[in-house]
1. Shape of chain A from its Cα gyration tensor (a ≥ b ≥ c, root eigenvalues): rounded if a/c is under 1.5, otherwise prolate when a/b > b/c, or oblate?
2. As a quick test, which of the pairs A:Lys12/B:Lys53; A:Lys66/A:Lys134; A:Lys12/B:Lys50; A:Lys66/B:Lys11; A:Lys4/B:Lys50 have an alpha carbon distance above 23 angstrom in this structure?
3. How large is the Kirkwood hydrodynamic radius of region B:6-59, in angstrom, based on all distinct alpha carbon pairs?
4. Normalised by the number of residues in chain A, what is the relative contact order in percent for Cα pairs under 8 Å and 6+ residues apart?
5. When the chain is fully extended, how far beyond the present Cα-Cα distance does A:Lys134 get from A:Lys12, taking 0.36 nm per residue of separation?
6. Determine the shielding of peptide B:21-28 by partner chains: average, over its residues, the number of Cβ atoms on other chains within 10 angstrom of each Cβ.
7. How many Å² of accessible surface get buried when A and B come together, counting both sides, probe radius 1.4 Å, rounded to the nearest 100?
8. Give me the angle, in degrees from 0 to 90, between the Cα long axis of helix A:44-63 and the longest principal axis of the Cα atoms of chain A, rounded to the nearest 10.
Amino acid sequence: MIGKSSWFQRRKYGGWGITPRTSQGWLYILISIILLVLFRQISAYLFFGGLAVLMLDILHIMATLKKDELETRVEALAERNGAWTMIAALIIGIFFQVAQSASGDLQGVDPFLLIALFSGAIVKSISNWWLERKGIDK
Amino acid sequence: MTTRIREYRQKLHLTQAELADQVGVRRETIVFLEQGKYNPSLKLAHTIAKTLKSSIEEIFDLE
């Protein structure tokens with residue numbers, strides 16, 4: 001793709017994604033922002049097309065980031081803690097909306113909350129199945 | 001776990017960064033290993049021992 005994983009490191013604090021660690025990484029971010037602003041002025045299709053390419057490139061960079069075994073383990077534990085927190089928040093949100101629906105203040109539960117919870121459970125199941133079949137080298 | 005990584009590293013006149021490069025990990029990982037704060041995988045332990053021209057038993061002590 002376009003950006004190289006050696007220009008970036010994983011974002012550890014304040015969310016998910018990547019952080020530039022070289023001047024090329026910062027240049028990549030700057031050029032991406034400038035292009036998106038330009039595309040937005042020209043056409044919505046060009047803007048969303050450019051955004052899609054950028055998202056795919058960032059996902060590719062994240063998937064190919066080089067991490068040693070300590071960083072991989074730290075990342076796994078941090079992501080697990082983040083996931084458990086999000087799951088707890090989603091469950092509390094769903095129960096809250098169920099209670100509000102029962103009292104007539106709300107029309108049902110937001111489907112995106114349920115989609116988030118179930119899609120996470122499905123991905124976890126697939127990951128467990130796949131990793132137990134394949135094994136982990138690190 | 002205690003390690004003798006620092007002792008063997010200094011015998012070979014290697015910095016933490018140089019050892020990290022040769023072994024294929026970050027310098028922070030070598031720091032954690034020297035402080036006994038991280039148990040490496042067998043593969044990493046073997047690579048470190050080989051780089052330091054010694055054996056796993058000499059470098060790492062699980063006591």
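The values are calculated or read from the model by the stated rules, or taken from the named source; none is laboratory data. On a predicted model such as this, the values are computed, not experimentally measured, just so you know. Note: ideal-geometry Cβ built from the backbone for every residue, glycine included; neighbour counts use all protein chains shown. Note: areas computed on protein heavy atoms with side chains; ligands, DNA, RNA excluded. Shrake-Rupley method; radii C 1.70, N 1.55, O 1.52, S 1.80 Å.
1. On the way: a/c = 2.38, a/b = 1.27, b/c = 1.87.
Oblate.
2. A:Lys12/B:Lys53; A:Lys12/B:Lys50; A:Lys66/B:Lys11; A:Lys4/B:Lys50
3. It is 10.9 Å.
4. With pairs under 8 Å counted, the relative contact order is 18 percent.
5. 41.2 nm
6. Details: counts 0, 0, 1, 3, 5, 5, 0, 4.
Mean partner-chain Cβ count within 10 Å for B:21-28: 2.
7. 700 Å²
8. Tilt relative to chain A: about 90 degrees.
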